[in-house]
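The values are calculated or read from the model by the stated rules, or taken from the named source; none is laboratory data. It should be emphasised that the depicted structure is a prediction, and the values quoted were computed from it without experimental measurement. Here the Cβ is made from the backbone with ideal geometry for all residues, glycine too, and neighbour counts use every protein chain on show. In case anyone asks, the SASA skips ligands and DNA or RNA and just uses the protein heavy atoms, side chains included. Shrake-Rupley method; radii C 1.70, N 1.55, O 1.52, S 1.80 Å.
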Amino acid sequence: MDNYIAVLLTCHNRRKKTIASLNALFSSTLPVNYKLKVFLVDDGSTDGTSIEVKKRFPKVNIIQGTGNLYWNQGMRLAWSTAIQNNNYNFFLWLNDDTMLARFALRELFECYNEVLSKTDTHAIITGACKSSYESNEFSYGGKTDNGPVIPNGILQQCKYINGNVVLIPKVIYKKIGILSSDYTHTMGDFDYGLRAAKEGYSCFTTKHYIAICSSNQENSKWCNPNTPLKERIKLLYSPKGLNIKEYNIFRQKFWGWRWIIFAAKAYIRTIFPKIYSKIQKR
């Protein structure tokens, strides 16, 4: 019996990266009896992304966005479209700037099946990404409160998941649904992993680096002392920065009253980034 995977992506004006990511996806080796169907939200691109995707990958389902969806809302649209289309066994999140290795899909399912065989419980598998082909520097993947979970050849559990490449079985989707509507751009991936944990499911990272994705420094400009104060404050409220209102929602969900402490720290870090950094190092 075939297993069907809905691959979910969203993009905006990154034609070359989107094409490269799709090329890597279709070059990655699938296990026997697994089949892909790709759902790509083109969120208002003006660089010809949709035209190029249609030309090179005619089987990709392209959904047009409003131009204001960002990552989380774009992925929600891709996911909601996919579940109307068919009854999928798995869902695979994939960032359009993430380049899968040829063995990536195979390893994701090997890790998933290993967890299932050992625990008799379904799990989310997040792919460990490194920053470049030349280095082994962690960029995205599984994390704990102590930092990144570096792949070491064995299965490792994680608390938080980056959404760059994530495998979610139908059982977990049926239990907790799709990405939350509470977020515009960031935090939806962390939220999803924590919601899964609340329902008794675990998140694991792959045993090896399975993809390349360079770190996005844009999201940290809100607390970078080299960024002018006026811009830092603007980014504190922006979907491309911390987005403090949605950040507070996220913290309230999983940290209760302590969200106030996190909110205060965020404001201090924005206004006095150098002082905050010195205090943290003590």
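For every residue, the table says whether it meets (1) open to solvent by 70 Å² or more (accessible area, probe 1.4 Å); (2) farther than 30 Å from I168 by Cα; (3) touching a residue at least 40 places away in the same chain (Cβ under 8 Å); (4) in contact with a helix residue (DSSP H, G or I) (Cβ under 9 Å, 6 or more places away or on another chain).
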site	(1), (2), (3), (4)
H208	yes, no, yes, yes
Q217	yes, no, no, no
P225	no, yes, yes, yes
Y247	no, no, yes, yes
I260	yes, yes, no, yes
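Evaluate the following for I168: is it under 12 Å from the mean Cα position of the chain (by Cα) and either touching a residue at least 12 places away in the same chain (Cβ under 8 Å) or open to solvent by 10 Å² or more (accessible area, probe 1.4 Å) (or both)?
yes
Tell me, which residue of region 1-29 that is assigned to a loop (DSSP other than H, G, I, E, B) and modelled with pLDDT under 95 is most open to solvent (accessible area, probe 1.4 Å)?
Restricting to residues being assigned to a loop (DSSP other than H, G, I, E, B) and modelled with pLDDT under 95, the top hit is M1.
Output the residues belonging to region 193-252 that are in contact with a Cys (Cβ under 6 Å, 6 or more places away or on another chain) and of a type outside the set (A, V, I, L, M, F, W, C).
Those that are in contact with a Cys (Cβ under 6 Å, 6 or more places away or on another chain) and of a type outside the set (A, V, I, L, M, F, W, C): G193, T205, T206.
Every residue in region 129-151 that is open to solvent by 40 Å² or more (accessible area, probe 1.4 Å) and without any contact (Cβ under 8 Å) to a residue 40 or more places away in the chain, please.
Passing the criteria: E134, E137, K143, T144, D145, N146, P148, I150.
T126: buried (at least 18 other Cβ atoms within 10 Å of the Cβ), modelled with pLDDT of 95 or more and not basic (K, R), yes or no?
For T126, the condition - buried (at least 18 other Cβ atoms within 10 Å of the Cβ), modelled with pLDDT of 95 or more and not basic (K, R) - is met.
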